[in-house]
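The values are calculated or read from the model by the stated rules, or taken from the named source; none is laboratory data. Computed from a predicted model, the values in this text were never measured in an experiment. Methodologically, a virtual Cβ is constructed for each residue, glycine included, from the backbone with ideal geometry; neighbour enumeration extends over all protein chains shown. Note: accessible area is taken over every heavy atom of the protein model, side chains too, but ligands, DNA and RNA are not part of it. Shrake-Rupley method; radii C 1.70, N 1.55, O 1.52, S 1.80 Å.
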Amino acid sequence: MKLTLAAAAIALLSMAGAANAAEHVVQMLNKGEKGSMVFQPDFVRAAPGDTVKFVPTDKTHNAESIKDMVPEGAQPFRGKPSEEITVTLTKEGVYGVKCAPHYGMGMVALIVVGKSVNLDAAEAVTQAGKAKTVFAELFAEATKAASN
């Protein structure tokens, strides 16, 4: 009897955690509020367990994590071009995201999950083209968010 009650309590707690998780929707656009070839929004603040759904509003875009720009122990992810991908983020830290075909054009995003424990390491990753400029703005936003 005690074992059954304990199992039921664990099941309820795990469902409550899932119910509290938020879903953040990020559009992959040819043209958005910040110009052409963008993720909108390009900065997401999330809690551990939240999901981020990348929606290819315009075709030929994908969303994938950037090597060395995910927290230690986090799973990298890679969506296919023109396909929606939903990622559940369980590890706290900073996640760099790019659209592989449009990376050099600055189509990047930054997700901060909980505390930005790997901010310095993520910021140290060398970027190419316009992605370097966009990430500079996103890291400034992440630093500001961390201080609030």
Original post:
Could you give the length gained on full extension between Asn30 and Glu84, defined as 0.36 nm per residue of separation minus the Cα-Cα distance, in nm?
Top reply: 17.9 nm
Original post:
Got a number for the accessible area of Lys53? Probe 1.4 Å, square angstrom, nearest 10.
Top reply: 50 Å²
Subject >> In the chain, lysine pairs with alpha-carbon atoms under 16 angstrom apart (chain gap of 8 or more, or interchain) >> reply: 18
Subject >> Tensor-based shape of region 50-95 (alpha-carbon gyration tensor, a/c under 1.5 rounded, otherwise prolate or oblate) >> reply: prolate
Original post:
Based solely on its DSSP helices, what 222 nm [θ] is calculated for the chain when runs of n ≥ 4 H residues each add -39,500 (n - 2.57) and the sum is averaged over all residues, nearest 500 deg cm²/dmol?
Top reply: -9500 deg cm²/dmol
**OP:** With label points built 7 Å along Cα→Cβ from the Cα atoms of Lys132 and Ser147, find their separation and express it in nm.
**Re:** 2.5 nm
Subject >> Cβ-Cβ FRET estimate between Met105 and Ala21, R0 fixed at 25 Å, reported to 0.05 >> reply: 0.20
**OP:** Find how much the distance from Val125 to Gln40 grows on full extension, using 0.36 nm per residue of separation minus their present alpha carbon separation; answer in nm with one decimal.
**Re:** 28.4 nm
**OP:** Sorted from largest down, give the three principal axis spans of the alpha carbons of the chain, whole angstrom values.
**Re:** 62, 33, 25
Subject >> Normalised contact order of region 25-148, rounded percent, pairs of Cα under 8 Å and 6 or more residues apart >> reply: 25 percent
Original post:
In whole percent, how big is the carbon plus sulfur part of the accessible area of the chain, probe 1.4 Å, protein atoms only?
Top reply: 57 percent
Subject >> On Cα atoms only, tilt of 129-147 relative to the major axis of the chain in degrees >> reply: 40 degrees
Original post:
Helix 2-20 versus the longest principal axis of the chain: what angle, 0 to 90°, nearest 10, using Cα atoms?
Top reply: 20 degrees
Original post:
In square angstrom, rounded to the nearest 10, how much accessible surface does Glu141 have for a 1.4 Å probe?
Top reply: 80 Å²
